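Data first, discussion second: the structure below is written as structure tokens.
The values are calculated or read from the model by the stated rules, or taken from the named source; none is laboratory data. If you're wondering where the values come from, they're calculated on a predicted model, not measured in any experiment. Please note: Cβ atoms are built from the backbone with ideal geometry, for glycine as well, and neighbour counts cover all protein chains shown.
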Amino acid sequence: MKKPSSKIREEIARLQEQLRLAETREAERIGRIALRAGLGEIDIEEAPLQTAFEEIARRFRGGKGEAAGRKNAGDGRIAGAATATVEAGAAAGNGGKA
């Protein structure tokens, strides 16, 4: 039996809400770790920081494939792999560190 489109839309809305909540939890977790590592005190543009996060994600995945974060994720909802950004920033020259 086929589902009516209204039921499918309800299911999509429910799944989108679950995704939003999961992303929020992940972002909060990564954010806490980044703050403990001192990342909040570093003045750095978002693009190089995103690149560093992607490199870190690749490192922890053993160099397999692309990072899981979305391309052009400038809305702040994806905070993937912020755990070792301070280390990556140091390796990248860390131009904004005070």
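Name the one entry in Glu28, Glu11 that is within 15 Å of the chain's Cα centre (by Cα) and either modelled with pLDDT of 90 or more or exposed (fewer than 11 other Cβ atoms within 10 Å of the Cβ) (or both). That would be Glu28, the only listed residue that is within 15 Å of the chain's Cα centre (by Cα) and either modelled with pLDDT of 90 or more or exposed (fewer than 11 other Cβ atoms within 10 Å of the Cβ) (or both).
Looking only at residues in the range 56-69 that are crowded, with 16+ Cβ neighbours inside 10 Å and modelled with pLDDT of 90 or more, the one that is farthest from the chain's Cα centre (by Cα) is Ile56.
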